Amino acid sequence: MAVKASLHLVLLRLYRRLPRSVRLFLVHRMTPSFTVGAICVVERGDGALLLVRHSYRRRWGFPGGLLQRGEEVADGARREALEEVGIVIELDGEPAVVVDPGPRRVDVVFRARCHDPSTARACSPEVVDLAWFSPEQLPELQHEAASALVALARARGRPTLGGLPSRVEAGE
């Protein structure tokens, strides 16, 4: 074990002497890459949550999607809500983060609200339906949507979120 630790130290010292551009190249080539997305859990004044059905999924999910290169995550969340359901949202509090190592995806989950929930409509070919649901009566959710609710509940100091369906479709 001491040989392995010594070799590790030598390699780190060598790495430190490399030009910054070479170090960045090595880090980018040797580490796994993940996609990063933003999920918007939009809550109406009465507590109902806005869910969407995407054209390429069977279960319900939240507005959101992948960030564009160089885009700030909060800006991406706002953009996705506007593109998918035509609403301007206000982000509420700090986001929760879900890391899904299988598909190598990181989702940043925001609680959000909009000033006029009645304006929500399907604005993208990706969205085939949308509806507001009480947290106690949620339909079957996409894996990412269920994970987002659990992450938000944990971030708020709650072990679970009431109304979370017991069955979600993994990998959908």
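Side notes on the structure shown:
- Of the residues SER118, SER21, SER134, the one that moves most in a GNM of the chain with alpha-carbon contacts below 10 Å is SER21.
- FRET efficiency for VAL22 and ARG104, using Cβ-Cβ distance with R0 set to 30 Å, rounded to 0.05: 0.75
- Residues ARG58 and ARG121, FRET efficiency given R0 of 22 Å [Cβ-Cβ distance, rounded to 0.05]: 0.55
- Against the chain, whose longest principal axis comes from its Cα atoms, helix 20-30 is set at around 60 degrees.
- Of the trypsin sites (Lys or Arg not before Pro) found in the range 75-159, those that fall in a DSSP loop while having at most 12 other beta-carbon atoms within 10 Å are ARG104, ARG121, ARG156.
- Restricting the range 23-91 to GluC sites (Glu not before Pro) that sit in a DSSP loop and have at most 13 other Cβ atoms within 10 Å of their own Cβ leaves GLU72.
- Radius of gyration, Dmax [the chain; alpha carbons; angstrom]: 19.9, 66
- Antiparallel %, DSSP beta bridges [both residues in the range 34-169], to 5: 65
The numbers here are math on the coordinates, done by the rules we state, and not lab data. Note that the structure is a prediction, hence the values are computed from the model and not measured. Cβ atoms come from the backbone with ideal geometry, glycine included; neighbour counts cover every protein chain shown.
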